[in-house]
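Report on one structure; see the data block that follows.
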Amino acid sequence: MENNEVEMNFEDKRYQSIQEAEKKILEMAKVQLTNSFESLKDKADDITKLFDDCIPTIPTNKPPIYTLVTVLNLLLKNEYSTFMDSRKSVCLNGNRLLEEMKSFNVEQVNFHCYSLLKGYFENVEDDVLNSAFVYEEIEKYGQIAIDLYEWIDSNFTIISVKYSEDIYDDEM
């Protein structure tokens, strides 16, 4: 019986440690989310210009911004779309995007959307779905692009914790 008790105690401690780590990760992501949005909230015209300067066809002159626009639409609307469809929707202009970001509820992101987003953020043997959509490429376009990327990344972190909890709960 002692071995079972030790095993249970170990599993309880492991689960508790995971929960504590997830809580800290969520706290950091929420701070970054707030900071990113606060930095963007008065820059609607700059956001519009950033998007308008991107050629809407492939090959585009700014692949990271092209991808940024489509990933914003994926996150905010739970649908994968083209650059032009994204520009007609959540990325119509800076004001529209900021309204969408402000009213966004991360809990509404479904698992399918999370799975698609995962391909943009997680390495698979050091390859990502879109190599233009990495911080190092985004930062070349300035603080607005960085803040948008970090807002997406923070939401992705929160969603990742949500779905990792679901998987862990299924294992228990």
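What the table below lists for this structure:
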quantity: CD proxy at 222 nm, helix term only [per DSSP H run n ≥ 4: -39500 (n - 2.57); per residue of the chain; nearest 500]; calculated: -23500 deg cm²/dmol
quantity: For Rg/Rh (Cα atoms, Kirkwood Rh), calculated from these coordinates, the label among [x] 1.52; [y] 1.49; [z] 1.07; calculated: [z]
quantity: Chain lengthening between N130 and N93 when straightened (0.36 nm per residue, less Cα-Cα); calculated: 10.9 nm
quantity: Per residue accessible area in Å² of region 1-153, where ligands, DNA and RNA are left out and the probe is 1.4 Å; calculated: 61 Å²
quantity: Only Lys, Arg (+1) and Asp, Glu (-1) charged, at Cβ; region 5-79 dipole about Cα centre in debye; calculated: 260 debye
quantity: Cα-Cα over 25 Å, subset of K24/K62; K30/K162; K118/K162; K62/K88; K24/K88; calculated: K24/K62; K24/K88
quantity: Cβ-based charge dipole, the chain, positive-most Cα from F111, C91, F10; calculated: C91
quantity: Under the span-like rule (Cα at least 30 Å along the axis, Kyte-Doolittle mean at least -0.5), DSSP H helices of the chain; calculated: 143-171
quantity: Only Lys, Arg (+1) and Asp, Glu (-1) charged, at Cβ; the chain dipole about Cα centre in debye; calculated: 1040 debye
quantity: Difference of contour (0.36 nm per residue) and Cα-Cα distance, N105 to D46; calculated: 18.8 nm
quantity: Total charge dipole magnitude, region 64-154, about the Cα centre, Cβ charges on Lys, Arg, Asp, Glu only, Debye to nearest 20; calculated: 540 debye
quantity: Pair T60, V161: separation of 7 Å Cα→Cβ label points (nm); calculated: 3.0 nm
quantity: Highest to lowest packing among 96-103, 11-18, scored as the average C-beta count within 10 Å; calculated: 96-103, 11-18
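The values are calculated or read from the model by the stated rules, or taken from the named source; none is laboratory data. Worth saying up front: this structure is predicted, and the values here are computed from it rather than measured. Note that we place each Cβ from the backbone using ideal geometry, even for glycine, and neighbour counts take in every protein chain shown. Note: accessible area is taken over every heavy atom of the protein model, side chains too, but ligands, DNA and RNA are not part of it. Shrake-Rupley method; radii C 1.70, N 1.55, O 1.52, S 1.80 Å.
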